[in-house]
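Encoded as structure tokens, the structure appears first; notes follow it.
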Amino acid sequence: MTRSGRRRLYITGAILLVVALVGGRWLAVETAERAWDRTFAGGASLIDARNLALTLHAFMLVFAITWATGNLLIVYRAIGSVQMPRRLGDLEIVEAVSHRVLFGGTLLLGLILGILFSLGTGDWWRHAALASAPPHFGVADDRLRLDAGYFLGVLPWLSVLQNRALVLALGALAIVVLLYGVIGSLRLRRGRIRASNYARAHCGVLLAVLAFVITWGAVLDPAEVVAGMHGPTDQAALTIRIPGAHVVTAIAILTALISLVWSWRDRPNLIVAGWTALVLTVAVGYFVIPGVVRASGAGPEGGAFARRRALFEPVAFGLTNVDERSPPAFPSGEQAIRGLPLWDAAHVAAALNAPVTGVTLRPPAPGEGGSTTWLVAPTNTRAPLRLAVETDTGLAPTALHSENLPATPLFGPEVVGSLLASADSAADARARGIPLLGAWRRFAIAWTIQDWSVLRAEMRDHALLWRRDVTERLEHLAPFARFGAPTPVLRAGSVWWVEWGYVSSSAFPYTRPLQWDDGDVRYLRAGLLGAVSAATGETHVWLAPGYDSLTAAWARRFDRLIERPDVIPADLRAQLPYPPDAFNAAVAQLQRTSLDSMGGASTWSKRPREPFQLVAPTGELWTGMAFEQGALVPRQFVGLCAGAVTARGLEFHFWRPPSIDPERLPGELLGSTTLRPGQLRIWPTANSLITVQAEIVDPLGVQPAPPPRIAEVYVSLDIRSGRGPTARAALHGGDVIAVDTSVAARWDRARRLAVRADSALTAGDLELFGKLWRALMGELAPRPRPR
């Protein structure tokens, strides 16, 4: 065999090896994924979605390669010969490149360009699937006469197609112009375009294609502007850019015709004038004039625009059914302090040496007492399941024992890696794993998870427990949603992890974006509820109570995999908190609405900064957030928004008490290096408002860190406020307790009072500062007792 033959053989073998490794890995992963999908009822819909994704990606790859290669072959036909210089010693030899090599290079370059042009199409199946059966909201834009579902379902699919067509047209035109310029068929002479008939015909057709793609984009542009896909939707965009899009459409069609004429007859001045007009029209109509109008401050938005925004924004963030009544109030202050928690999840986790992700507030089960109870569940390591009850002396943890609770959770938050379950261990979990049947399936699974012990003969009766992290598991079952933080619930003596699944979109009519998950969204709803058993891996995805039209459209696509909301177990539903991200979005929208109503002069501030949870007198778990207003301290109470999952579904209340002189919330409790303010709870009680907040001893920099404990509790009701070692003592203005009068104890109390007085002075709370200063002087110079 000759040297060139061996070289050709080595190159062919290397190419085949790379293809086998890459293709074999892809085939192994596909086999494992499809085997995992089949372990779920309704898993066929996941396989259908995977097939749709592969079909669209393959079609786009073939189309892009054909488009790029076809244009390169047209240029190849115009090439007469290519000569490459070579040097042999002092001699320079010019050698002609054979047409066979040029043809092979053309095909290889077309293949590379086609692959590059098809990148980023992996998620197209989501747009295509939703566009085939878009949601319907029954709320239409009166300007474009389009339902809101068009902007979520159809418009994104048309936009990605138009953007990819623009990339293909521009990319092909740039490469073709470059190649024709290199071979001399296209050049500029004295400011005029000079081209051969062959090159002019090719470039003219490509210019016409590009102009038609720009026309397509101009037709879609009004809907994209209304949906916020080109920046903020404001009055300038509606009054300037939408009419500008109509002008661009007309100029683009004219330019396409001019390009076709130029491809037939050489009119260099005409083609330059046409494309100059189109480029200037696009720049001026899309960017210059709208930017100038925005920068000049075009004035307040019109009434019609404000009505459209007020129509669509509540739909986007779930504020269409807001109850303006008060949430369930406590009948008296005594009952309120028994039901309002003093601890928060972070301090409970620190006190019990548990991960904060496994701590949650638990509503009382039937037959249990009314004391505040925290559920502490193991997450990804060996740990007991505990209930922690709040008492006057701290937390009283109790370990729960059950046959359904494994020593180490098989499924949970951040449980990484796979597990091989045998026939005599974890039988319930094994039934939900992937059976290791068949030589190819076992090999594919071993290659996918990189565990070659699967190939051993004794593993044939085992099952693979895969994707044991609950968030990863649920997001693979519902790939169109993002799931939030998992929450443990106790059901039938077993731990279940539940998560809310959110559907979102960056396009929605007249809606301003909100920050969510490191990005901006114009539509966010909690449409799904997922649950995974920690012991067995049994997994359910339900339509959430109060699900929206977008989630319903996805549920139709994933039939049988997504279950109806009426089959959610009642005991699990009773322990659900309101969807946290949906609550935060609703709070942000209420703040933004307050700013609109006040003309930008003032806005509401949140109190506390993060939502709080409590168990209402009716037994449901409520999430709350208060609003206050004013520049002075203490600020005036504006209203309370609260949400809960009840037997009637998702409830969201925004209560504003009809008071001529609004109540004032107490000053903000600040911490120090030793003390940490606990979570502030604010709730209606006995025709008034009660606030409860604990001050927790949690020193910084102490090793080992001692478990936190409550130092004092602050309670306000009506115009009365007090502090004491317990909530009951604080409610009555503070109990009289035995005080250590030693010098060390007095000095410690004086130091703590000085720190708190300094914090009050920094916050501007002069009333609290005066009280603390008098107490400090009492410690440093106590009054002499009468003899």
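The values are calculated or read from the model by the stated rules, or taken from the named source; none is laboratory data. On a predicted model such as this, the values are computed, not experimentally measured, just so you know. Cβ sites come from the backbone with ideal geometry, for glycine too, and all protein chains shown count toward neighbours. Only protein heavy atoms, including side chains, enter the accessible area calculation; ligands, DNA and RNA are left aside. Shrake-Rupley method; radii C 1.70, N 1.55, O 1.52, S 1.80 Å.
Quick notes on this structure:
- Area of E334 that stays accessible when all protein chains are in place (1.4 Å probe, Å², to 10): 50
- Our estimate of slack between D571 and A365, defined as 0.36 nm per intervening residue step minus the Cα-Cα distance, is 73.3 nm.
- Calculated FRET value between W26 and D392, using beta carbons and R₀ = 51 Å, to 0.05: 0.25
- Ranked by the mean number of other Cβ atoms within 10 Å per residue, highest first, peptides 107-117, 158-168, 674-684 order as 674-684, 158-168, 107-117.
- 1.4 Å probe accessible area per residue over the chain, in Å²: 50
- Relative contact order computed over region 522-608 (Cα-Cα under 8 Å; 6+ residues apart), in percent: 21
- For W516, the residues whose amide H sits under 5 Å from its own are V521, ignoring neighbours fewer than 5 places away on the same chain, with H placed 1.01 Å from N.
- Considering only alpha-carbon pairs that sit under 8 angstrom and 6 or more positions apart, the relative contact order computed for region 633-732 is 17 percent.
- Nearest-20 debye value, region 110-244 charge dipole, Cβ charges on Lys, Arg, Asp, Glu: 1040
- Coupling constants for region 527-533 follow from the phi torsions by the Karplus curve (6.51 cos²θ - 1.76 cosθ + 1.60, θ = phi - 60°), and in residue order they are x, 10, 9, x, 9, 9, 6 Hz; glycine and proline get x.
- Sequentially through region 15-32, phi angles give Karplus couplings (6.51, -1.76, 1.60; θ = phi - 60°) of 5, 5, 5, 5, 4, 5, 5, 5, x, x, 4, 4, 5, 5, 5, 4, 5, 5 Hz, Gly and Pro residues having no value and appearing as x.
- Relative contact order (%) - criterion: Cα under 8 Å, at least six apart; region: the chain: 11
- Selection from G303, V697, S716 lying farthest towards where the dipole of the chain points positive, charges on Cβ: G303
- Segments 14-25, 146-157, 432-443, 603-614 sorted - mean Cβ within 10 Å per residue, highest first: 146-157, 603-614, 432-443, 14-25
- What the phi angles of region 670-680 give under the Karplus curve with 6.51, -1.76 and 1.60, with θ = phi - 60°, is a coupling list of 9, x, 8, 5, 10, 10, 10, x, x, 6, 7 Hz, glycine and proline written as x.
- For Y578, Y198, Y523, the ranking by accessible surface with the largest value first comes to Y198, Y578, Y523, using a 1.4 Å probe.
- Shape call, region 225-375: gyration tensor on alpha carbons, a/c limit 1.5: prolate
- Heavy-atom accessible surface of the chain: percent carbon and sulfur, 1.4 Å: 60
- Value at 222 nm in deg cm²/dmol, rounded to 500, when DSSP H runs of n ≥ 4 in the chain each add -39,500 (n - 2.57): -14000 deg cm²/dmol
- Dipole moment magnitude, nearest 20 debye, the chain about Cα centre, only Lys, Arg, Asp, Glu C-beta charged: 2640
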